[in-house]
Amino acid sequence: MREKSRSIGALILAALSASLIMTSLGLAQSGRFTLPSEEYIPHLGEIMSAIQARHVKLWYAGKAANWDLAAFELRQLNANLADAARLYTGIPVSDVTTMAAPMHSLEDAIAAKDVRRFSKTFSEVTEACNGCHVSMERPFIVIHTPTEQQPLGDQRFSP
Ligand code: HEC
């Protein structure tokens with residue numbers, strides 16, 4: 001299951017680079033080129049953008065007590081974090097492990113279908129996101145609990 005959701009995650013990530021894929025499909029269909037065999041490596045910022053979207057969806061799924069959807073979004077987010085850690089070896093291991101504890105607590109809250117615990121542990125996950133941004137010299141990327149049901153409703157844009 002984990003392998004499966006991870007490969008679905010990779011597909012979604014690859015879809016982020018739609019123009020690149022369209023170009024290679026076009027070339028493949030023309031019969032002059034074959035698809036590249038190397039693994040497509042998304043930039044860390046692309047993985048993070050996928051993580052951001054899932055962070056927002058996870059919040060609204062939990063608030064709506066749609067636990068199946070919340071569990072799904074959490075698994076996807078987890079797969080994205082695993083990809084980031086696997087593909088970008090420069091990421092300090094401590095930053096990834098700091099995420100692990102709140103992610104597990106959130107998983108438990110979802111399994112227990114507990115909205116209050118979900119809200120609390122969601123904040124802890126969000127704090128861990130920002131902790132890594134600070135430690136990786138991106139203190140200006142500030143994530144918070146979504147306040148508007150918008151794709152980027154979890155990010156602070158004022159300085
Ligand atoms: C292990 C470290 C780490 C963790 C954990 C982490 N991030 Fe990031 N994040 C980064 C780094 C590094 C960048 C900058 C990437 C770049 O420079 O291309 C980034 C960038 C971002 C961006 C900006 C993307 C863009 O291109 O505009 C968003 C949004 C983001 N992260 C959201 C999150 C959220 C939400 C979480 C938690 C669920 C999270 N991040 C957890 C390291 C982390």
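The values are calculated or read from the model by the stated rules, or taken from the named source; none is laboratory data. Remember, predicted model here, so these are calculated numbers, not experimental data. Cβ: placed from backbone, ideal geometry, glycine included. Neighbour counts: every protein chain shown.
Structural remarks
- Consider segment 62-104 and keep the residues that are buried (at least 17 other Cβ atoms within 10 Å of the Cβ), more than 8 Å from the ligand (Cβ to nearest atom) and of a type outside the set (A, V, I, L, M, F, W, C). The one that is nearest to the chain's Cα centre (by Cα) is 80.
- The condition (being under 14 Å from the mean Cα position of the chain (by Cα) and closer than 23 Å to residue 66 by Cα) is satisfied by just one residue among 146, 151: 151.
Yes or no, residue by residue, for (1) of a type in the set (Ser, Thr, Tyr); (2) modelled with pLDDT of 95 or more:
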position	(1), (2)
54	no, yes
62	no, yes
65	no, yes
68	no, yes
74	no, yes
89	yes, no
92	no, no
140	no, yes
147	yes, no
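- If you go through segment 108-121 and pick out every residue that is touching a helix residue (DSSP H, G or I) at 6+ places or on another chain (Cβ under 6 Å) and either among the aromatic types (Phe, Trp, Tyr) or part of a helix (DSSP H, G or I) (or both), you end up with 5.
- A residue that is polar (S, T, N, Q) and in a helix (DSSP H, G or I) occurs somewhere in segment 131-144.
- Candidates 28, 15, filtered to the one that is under 24 Å from residue 152 (Cα atoms) and modelled with pLDDT under 90: 15
- Residue 9 vs. criteria at pLDDT below 50 and in a loop (DSSP other than H, G, I, E, B): no
- Residues that are more than 10 Å from the ligand (Cβ to nearest atom), in contact (Cβ under 8 Å) with a residue 40 or more places away in the chain and within 17 Å of residue 154 (Cα to Cα), drawn from segment 105-135: 118, 119
- Residue within segment 50-58 that is more than 7 Å from the ligand (Cβ to nearest atom) and over 17 Å from residue 152 (Cα atoms) present: no
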